[in-house]
Amino acid sequence: MKLTNLTLFVFCTGVTLGASADSDRDSWPSSLTIGTGSQGATYYIYGSGWGNLASEATGASFGAEVTGGPVQNVTLVQMGEHEFGMVTTGPAYEAWRGNSELAPGVEHTDIRAVFPMYQTALQVIALSGSGISSISDLDGKTVGIGPAGGTGDMYYPQLFEKLGLNVRTRNAGAADQASQVQDGLLDAFAFAAGIPVSAFSQLEAQVDVNIFSFSEEEMEVFLEDFPEFSPATIPASAYSSLDEDTSAISLWNFAITHKDMPESLVYEVTKAVMENHERMVQVHGSASETVPENFVENTFIPWHPGAVRWFEENGYDIPEELRG
């Protein structure tokens, strides 16, 4: 579906433009799609979980769809092809400014924030027998970086270049690339996802692995050029292969929708996720960060009016410049 067909999309799904929060319930789509990520990745597991919550709360059918990740998700929502999506702030900001690889020149300013998710940490896994236990060990190696259009695909090549490393990168889904590491087809798998990565956990249950990320010294080389990143920690409790906490870098994730989605629907979705914290944590451990207070980590995506209503009813003030 092209951008010029967005009006047709809105009409076909029954979304009434400009409807008030009290009058638009009849215009809710009966079936909605959430853009997530590859199977074996945190996005897909997490997105399926909150989709189930939203389905229970609204009576509509929310389906998680496998995608290439945030770079693709933000464009799918902007173009009206998906009703909801999950994005990291880095790719979303580039798309907002019109620098999307999938829709170059199109400013993705129709997206709206729904709720904060969690931090995406950049994490790498390799077989213990490979001798690869640090980012510098990836020099001259062949490394999977997740699906094309994902956060890893966007950032790892740039970061390797900044560090002066010659790394051959390959694209595929998380589960596939973890299997390729086990089979010796890849030297390592570098991914960007919430902690823990399901594909990492499955691999370490079968073979001895090393799990690591960027050292503090390596971060000093590039963090100034990538202000969207923050230092983070992979806790030792996340993976059985870790003996101690490990340094990493991360980006924040948010659920988004289109600005024309009915206000009352978005309100109910926000309410369902924000008021069911324990159930979200049962879906995936990364949801421990899915709490209302983390709305402050969004600094540029306007909040959908339905989300604004829930946050302000519950004592959280959305800045005027971020009201959608």
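Some points to look at:
- Computed E for residue 217/residue 243 - FRET, C-beta separation, R0 22 angstrom, nearest 0.05: 0.60
- Angle of helix 42-58 to the longest C-alpha principal axis of the chain, folded into 0 to 90 degrees and rounded to 10: 20°.
- Only Lys, Arg, Asp and Glu carry charge here, each on its Cβ (+1 for the first two, -1 for the last two); on that basis the chain has a dipole of about 880 debye about its Cα centre.
- Residue 168 contributes an accessible area of around 100 Å² to the protein surface, as traced by a 1.4 Å probe with all chains present.
- Distance from segment 74-98 to segment 149-216 (C-alpha centre basis), Å: 23 Å
- Were the residues from residue 279 through residue 128 laid out at 0.36 nm apart, the gain over their Cα-Cα distance would be 50.9 nm.
- Here segment 170-324 is assigned +1 on the Cβ of each Lys and Arg and -1 on the Cβ of each Asp and Glu. Its dipole about the Cα centre then comes out at about 720 debye.
- Put 233, 67 in order of accessible area, highest first, and with a 1.4 Å probe you get 233, 67.
- Taken per residue, the accessible surface of the chain reaches 40 Å², heavy atoms only and a 1.4 Å probe.
- Surface share of carbon and sulfur [accessible, 1.4 angstrom probe, percent] for segment 240-324: 41 percent
- Each residue of segment 118-124 is assigned a 3J(HN,Hα), and the resulting list reads 6, 8, 8, 9, 7, 9, 10 Hz, derived from the Karplus form 6.51 cos²θ - 1.76 cosθ + 1.60 (θ = phi - 60°), x at Gly and Pro.
- Relative to the compact-globule estimate of 2.2 N^0.38 Å, the Cα radius of gyration of segment 248-304 comes out at 1.22.
- Cα-Cα pairs of segment 109-233 separated by more than 26 Å (percent): 18 percent
- Summary of packing: across the peptides 183-190, 52-59, the per-residue average of other C-beta atoms within 10 Å ranks them, highest first, as 183-190, 52-59.
- Angle between the chain longest axis and helix 263-274 axis [Cα atoms, degrees, rounded to 10]: 40 degrees
- Near the amide H of residue 232, within less than 5 Å, lie the amide hydrogens of 248, 249, 250, all on another chain or at least 5 residues away, with H placed in the peptide plane.
The values are calculated or read from the model by the stated rules, or taken from the named source; none is laboratory data. Since we're looking at a predicted model, the values are computed, not measured. Cβ atoms come from the backbone with ideal geometry, glycine included; neighbour counts cover every protein chain shown. SASA here: full protein model, heavy atoms, side chains in, ligands and nucleic acids out. Shrake-Rupley method; radii C 1.70, N 1.55, O 1.52, S 1.80 Å.
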